[in-house]
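Novice: I'd like to ask some things about the structure below.
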Amino acid sequence: MDPRIQIWNVLHDGEITAISGEDGETLTMFVSIPYLRRRSEPLGDSFVLTLGGLKRLEFRNFDGTTTPLREEIDISTPGILSTESEAMPVRIETTMGQSILDFEGIRLGMDTGQQIEY
């Protein structure tokens with residue numbers, strides 16, 4: 001499976017706590033998932049995903065309306081549940097609706113700055 005898609009199932013139970021660059025080609029997203037992050041040194045509680053070649057970023061509420069993901073994060077923190085996508089764009093089910101992302105590449109790091117391999 002495409003790692004750009006598969007990673008979202010690994011991050012299930014994580015919460016999207018912050019984003020930047022949603023209007024550009026590179027999106028940075030913090031995902032807080034302490035139980036998984038504790039397995040890596042140095043100590044921290046979040047992973048940082050950098051999505052390059054961003055083509056689409058959409059958030060669909062349960063009622064079908066779309067809002068910017070940043071607005072949803074201002075209200076609460078969407079929890080990542082899963083994805084059943086097999087191709088891009090990836091549709092990520094969250095506790096607040098569905099996030100739809102289309103991008104070229106992904107890099108994974110820790111909140112302390114170290115890059116890690118998926």
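The values are calculated or read from the model by the stated rules, or taken from the named source; none is laboratory data. In this text, all values refer to a predicted model and were calculated from it rather than measured experimentally. With ligands, DNA and RNA removed, areas are computed over all heavy atoms of the protein, side chains included. Shrake-Rupley method; radii C 1.70, N 1.55, O 1.52, S 1.80 Å.
Novice: Thinking of segment 19-60 as a set of Cα atoms, what percent of all their pairs are more than 14 Å apart?
Specialist: 54
Novice: Moving on. Consider the candidate values [x] 1.10; [y] 1.33; [z] 0.98; state which one is Cα Rg over 2.2 N^0.38 Å computed from the structure displayed.
Specialist: Matching entry in [x] 1.10; [y] 1.33; [z] 0.98: [z].
Novice: Okay, next question. Please list the non-local residues whose amide H lies under 5 Å from the amide H of residue 18, H modeled 1.01 Å from N, same-chain partners needing a gap of 5 or more.
Specialist: Result for residue 18 returns 30.
Novice: Under the rule of -39500 (n - 2.57) per DSSP H run of 4 or more residues, summed and divided by the residues of the chain, what mean residue ellipticity at 222 nm is obtained, to the nearest 500 deg cm²/dmol?
Specialist: Helix-only estimate at 222 nm: -4000 deg cm²/dmol.
Novice: Quick one: with all protein chains in place, what share of the accessible area of segment 38-118 is carbon or sulfur, to the nearest percent (1.4 Å probe)?
Specialist: On segment 38-118, the fraction of accessible area on carbon and sulfur atoms equals 47 percent.
Novice: Now a separate question. Which length gain, in nm to one decimal place, applies between residue 10 and residue 87 when the Cα-Cα distance is subtracted from 0.36 nm times their residue separation?
Specialist: Length difference between fully extended and current span is 26.1 nm.
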